[in-house]
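Each remark here refers to the structure printed beneath this line.
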Amino acid sequence: MRASRLLSLLMLLQTRGRQTAQALADELEVTVRTIYRDIDDLSAAGVPVYGDRGRAGGFQLLDGYRTRLTGMTAQEAESLFLAGLPGPAAELGLGDTLAAAQLKLLAALPEQGRQTASRLNARIHLDPVGWFQEPGKVDILPDIARAVWNEQLIRMRYERWTGVVDRTVEPLGLVLKGGIWYLVAQSQAEAGKPPGGPRTYRVSNILAHTVLDRRFTRPADFNLPAHWQESLQSFEAGLYTGTARVRATAAGLKSLRNLGPAFNERITATLQPPDADGWAEADIPLEAVEWTGRQLLGLGLTVEVLGPPELRAHMGEMAAELHRRYGSG
C-alpha cells in the first residue's frame, strides 16, 4: 500500500510539476505529515525531489528527471489496453501510433503482465457502433482532428435538415457517440461580435471542408466533457413536449422501454398493475405526434394509445390508411 502511494506521489510530481504538500495530501487522501515523510523517503531512494518554502512554494522534481514506467499492476495494464479502441484511433489517423504505444507498453511490463495483456486482446473486443448501423463517413476525420489539435479555423459546407449552409468555425473538440463522430465548434466572430456559442456538427454531414492557415484562441474555460453532457441533457429536455397515456401487454411494455432511457424512466414512474387480461397502463414521453405515432405503429397490437386525443386520432388515421392499402375488397 505504501509503495503504491510513493509511486503515485512520484507520478503526480512528474506529470503536474510543482505541488504543495496540502495538494498532494488531498490527492492521495493522507495527512500533510505523511506527505513530508514520503518526500523524505523518495529523496533517500535517490529521487531528485526538492521543496521551496513560502506561499508559492511546493515540491517538485529536478528539471529533466523522468522515471521509467514501473510498478504497473496487471489490472492497470488491462485498463490501458481496453482504453485504446483500434477503430476510432484508426479513423483519427492514429492507428499506427496506438499500435506503437501498445508495443512499448508491453515491453515495459514484466512477463506476467505481458501475458495478461495479450490474453485481454485475444478475448475482449470493443465495437462502439450500434446494431444495424454503419460508422459514418470518416475519411475527413484526420483533417478535422488536426484542426482541432492545432486550433485552426475550418471553412465547411454543412448539410442541415433544413438545407446546406456554409460556415467558418472554430473547432473545439471531437466526440464519438454511438459509433458516430461529432464536431463541437463555434462560429467565428464577425464585425466585432463575439463568436457564437458551441454547436454540434455531425462529421458525416460535412460535404466539403478547408482547414485554413488562420488560427483562433481556444476559450480557456471550455471543458469538452462537461459541455457534451450539458448538451445531451438540454437536447433530451427539449425533445419531448409532454406525455401520452398508453395501455400495453408485457411484450408491449418491454418494447416501449427499449425505445430509450426517457421511456424506461417514465414507464417505471407511472406503471399501474396489470388487469385481468395482462394489460397495464403507463405514461410515455411525447415528442411530435407524427413521430411518436410512427414509433408506436411499429409495436403493432401490443400497445394502445389512450391519450392525448390528437395522438389517438393520428393512430386511427394511420390504421385506416393501412387498411385501405392492404385490406381486402
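Kindly write out, for the stretch 289-295 in residue order, the coupling ³J(HN,Hα) from the Karplus curve 6.51 cos²θ - 1.76 cosθ + 1.60 (θ = phi - 60°), rounded to whole Hz, with x marking Gly and Pro.
After applying 6.51 cos²θ - 1.76 cosθ + 1.60, I find 4, 5, 5, 4, x, 5, 4 Hz.
To the nearest 20 debye, what is the magnitude of the charge dipole of the stretch 1-42 about its Cα centre, counting +1 on the Cβ of each Lys and Arg and -1 on the Cβ of each Asp and Glu?
My answer is approximately 60 debye.
What list of ³J(HN,Hα) couplings, whole Hz, do you get for the stretch 269-284 from phi and the Karplus terms 6.51, -1.76, 1.60, once you set θ to phi - 60° and write x for glycine and proline?
Running phi through 6.51 cos²θ - 1.76 cosθ + 1.60 with θ = phi - 60° gives 6, 10, 5, 9, x, x, 7, 4, 8, x, 8, 10, 9, 6, 9, 10 Hz.
What nm distance separates the two modelled labels at Val30 and Arg202, each placed 7 Å from Cα along Cα→Cβ?
Going by the 7 Å Cα→Cβ label model, 5.1 nm.
Of Ala313, Gly300, Ala250, which is farthest on the positive side of the dipole of the stretch 250-321, counting Cα position, with +1 on Lys and Arg Cβ, -1 on Asp and Glu Cβ, and the Cα centre as origin?
The Cα lying farthest towards the positive end belongs to Ala250.
Throughout, read-outs are computed from the coordinates displayed, never taken from laboratory work. Keep in mind that this is a model prediction, so the values were computed, not measured. Don't worry about glycine lacking a Cβ; one is built from the backbone with ideal geometry, like all the others, and counts go over all protein chains shown.
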